[in-house]
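Okay, structure first, notes after.
The values are calculated or read from the model by the stated rules, or taken from the named source; none is laboratory data. Since the model is a prediction, treat every value here as computed from it, not as a measurement. All Cβ positions, even for glycine, are placed from backbone atoms using ideal geometry, and neighbour counts span all protein chains on display. Accessible surface is based on the protein model in full, side chains and every heavy atom, while ligands, DNA and RNA are left aside. Shrake-Rupley method; radii C 1.70, N 1.55, O 1.52, S 1.80 Å.
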Amino acid sequence: MRIVGLTGGIASGKSTVSNLFKANGIPVVDADVVARNVLKKGSGGWKRVVAAFGEEILLPSREVDRPKLGQMVFSSDSKRQLLNKLMAPYISSGIFWEILKQWAKGAKVIVVDIPLLFEVKMDKWTKPIVVVWVSQEIQLKRLMERDGLSEEDARNRVMAQMSLDLKRSKADVVIENNGGLDDLKQQFDKVLSEIRRPLTWTEFWRSRQGAFSVLGLLTSGLVVCKQFNMGS
């Protein structure tokens, strides 16, 4: 199975690329969706985060007020690092189970959409790594327009993440998103062709089909050995 790592930065267009993969029949494991599930009321992640940040981050429904929590951690390096530390084990295990579900369905190629791909060291398990890159100037402009933020707040959120230039240097494939949607789709089509190329032997043996092939070979071998022993 080929596990593709997809990452970028806030307002870089990563979600648009993720949706393009889905539209083309490629299953996507979305770390943001996993993170939302991890923070559901009463879950283990919810309990740890509330214990660390206090009940002021909760809505009347007792669910986490995500915008409030986000504003809190983006304004403080220490709080952001604490939140990442608390959430990382739950998110990693959640992503693992989502990958396993896709493996069980027989998926040969899946995309793991995770903003903190490099920060949580999941880049070790994904190949190729696709980075959606945009200049910081355009990134700030899009973020301010999208979320109605001041330039200072937008800059704080951008600077809180690993720089896109650094992510770009670690990528196998880069999608530059400084232009419009048509340009993005043209680049995506090329990436999609690369993603859909035949699996390597290593990737094949990791797939469900490969695992069953190995199981079949082992079973056949045991039967042959048994027959040989009976004949002798």
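In the range 42-59, which residues are assigned to a helix (DSSP H, G or I) and not basic (K, R)? Selection gives G44, G45, W46, V49, V50, A51, A52, F53, E55, E56, I57. Annotation: of all residues in the range 85-99 being under 30 Å from E152 (Cα atoms) and open to solvent by less than 70 Å² (accessible area, probe 1.4 Å), the one that is farthest from the chain's Cα centre (by Cα) is L86. Apart from one condition, K127 fits all of (1) part of a helix (DSSP H, G or I); (2) open to solvent by 30 Å² or more (accessible area, probe 1.4 Å); (3) of a type outside the set (A, V, I, L, M, F, W, C); the exception is (1). Screening the candidates Q186, Q136, Q209 for the property of being touching a Ser or Thr at 6+ places or on another chain (Cβ under 9 Å) and open to solvent by 80 Å² or more (accessible area, probe 1.4 Å) yields one hit, Q136. Summed over the range 1-41, the residues that are part of a loop (DSSP other than H, G, I, E, B), farther than 24 Å from E145 by Cβ and of a type in the set (A, V, I, L, M, F, W, C) give a count of 3.
Conditions tested, residue by residue: (1) modelled with pLDDT of 95 or more; (2) among the aliphatic types (A, V, I, L, M).
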| site | (1), (2) |
| --- | --- |
| V4 | yes, yes |
| I26 | yes, yes |
| K41 | no, no |
| E55 | no, no |
| P67 | no, no |
| V73 | no, yes |
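All conditions in (1) of a type outside the set (S, T, N, Q); (2) over 30 Å from T202 (Cβ atoms); (3) free of Cβ contacts under 8 Å to residues at least 40 places away in the same chain; (4) open to solvent by 30 Å² or more (accessible area, probe 1.4 Å) hold for V50, with the sole exception of (4).
Counting only residues that are farther than 20 Å from K41 by Cα and open to solvent by less than 70 Å² (accessible area, probe 1.4 Å), the range 57-84 holds 3 of them. Taking the range 170-212 as the range and being in contact (Cβ under 8 Å) with a residue 60 or more places away in the chain, in a loop (DSSP other than H, G, I, E, B) and among the charged types (D, E, K, R) as the test, only R196 passes.
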